[in-house]
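The values are calculated or read from the model by the stated rules, or taken from the named source; none is laboratory data. Not measured: the values here are computed from a predicted model. Positions of Cβ are generated from backbone atoms using ideal geometry, with glycine treated the same way; all protein chains shown enter the neighbour counts. Remember, those area values only see protein heavy atoms, side chains included, never the ligands or the DNA or RNA. Shrake-Rupley method; radii C 1.70, N 1.55, O 1.52, S 1.80 Å.
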Amino acid sequence: MENCPCGLEKSYEECCGPFIKGEALPQTPEALMRSRYTAFTKIEVDYIVNTVHPDKRDQHDERTVKSWSKNSDWIDLKILNTEKGGPEDTEGQVEFIAQYYQKGKRHKHHEIAQFKKQEDKWFFYDAEAPQQEQIIRNSPKIGRNDPCSCNSGKKYKKCCGR
């Protein structure tokens, strides 16, 4: 038995399959996110489009979704964080990274996805890229031609900078 592509240690039939086949509804934004990722891996374009909030569907091109789904080799999904999305909530958020190969190059799709519940059904609503953290050095940058910080007496480029 092969695990579901969404990353949970369940079979597809026990995990995302019933959602994609229309036999059950995801009860949380995370479950919807996982099933949408699985739908991308299985090229289930109708499910992907139908789980977009009705107010936002016109912003999603079915051909683009199909092309991305079909022309990518999906590697894995990592859920980094979830907020809200409980039984009493009408909104939720899932931060995730989906990794895939496209044209032989590895890609990471890092996103914070917004979900809304309408008539007891969760929908993907919108997404944003997470803010990039600025790296601040605690010490001065070593130049290629500066003496190496290991005190070898060599230039950095000829020692630890290789």
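Projecting the Cα atoms of 113, 75, 87 onto the charge dipole of segment 38-162 (Cβ charges, centred on the Cα centre) puts 75 farthest toward the positive pole.
At a threshold of 8 angstrom on Cα-Cα distance, excluding pairs fewer than six apart, so keeping six or more, what relative contact order does segment 77-162 reach in percent?
16 percent
Assuming charge only on the beta carbon of Lys and Arg (+1) and of Asp and Glu (-1), the dipole of segment 111-162 about its Cα centre is about 880 debye to the nearest 20. Please give the charge dipole size of segment 1-126, origin at the Cα centre, charges +1 on K and R Cβ atoms and -1 on D and E Cβ atoms. Round to the nearest 20 debye. Here the size comes out at about 620 debye. When semi-axes √(5λ) of the Cα gyration tensor in Å is calculated for this entry, the matching label among [x] 41, 19, 15; [y] 24, 17, 15; [z] 28, 16, 13 is [x]. Normalised by the number of residues in segment 24-107, the mean separation of alpha-carbon contacts (under 8 Å, six or more apart) gives a relative contact order of 28 percent.
How would segment 43-89 be classified by its alpha-carbon gyration tensor: rounded, prolate or oblate, with rounded meaning a/c under 1.5 and the a/b versus b/c comparison settling the rest?
oblate
Each of 97, 19, 37 was scored by the projection of its Cα onto the charge dipole of the chain, and the greatest displacement toward the positive side belongs to 97; charges sit on the C-beta of Lys, Arg, Asp and Glu. Among the GluC sites (Glu not before Pro) in segment 70-162, those placed in a DSSP loop whose Cβ has at most 10 other Cβ atoms within 10 Å are 88, 119, 133.
Seen against the Cα atoms of the chain and their longest principal axis, helix 29-41 is set at about 80 degrees. The residues of segment 1-135 expose, per residue, 64 Å² of accessible area to a 1.4 Å probe. Longer than 25 Å from Cα to Cα, which of 70/117; 70/116; 105/157; 105/155; 42/103 are they? Say none if no pair is. Too far apart for the 25 Å limit: 70/117; 70/116; 105/157; 105/155.
Test of the criteria: in segment 12-50, which GluC sites (Glu not before Pro) are in a DSSP loop and have at most 15 other Cβ atoms within 10 angstrom of their Cβ?
Listed in order of number, the matching sites are 13, 14, 23.
Rounded, prolate or oblate: which one fits segment 8-85, using the alpha carbon gyration tensor with axes a ≥ b ≥ c (rounded when a/c is under 1.5, else prolate when a/b beats b/c, else oblate)? Rounded, since a/c falls under 1.5.
The modelled label-to-label distance for the pair residue 50/residue 106, using points 7 Å beyond Cα in the direction of Cβ, is 3.5 nm. From its DSSP helices (H runs of at least four residues, each -39,500 (n - 2.57)), the chain gives a residue-normalised ellipticity at 222 nm of -5500 deg cm²/dmol.
Using Cα pairs closer than 8 Å and at least 6 residues apart in sequence, work out the relative contact order for segment 1-158, in percent. Walk me through the numbers before you get to the answer.
On the way: 257 pairs, mean separation 26.8, N = 158.
In percent, rounded to a whole number, it is 17.
Structure remark: mean-square fluctuation, Gaussian network model of the chain, C-alpha springs under 10 Å; the largest value among 147, 18, 26 belongs to 147.
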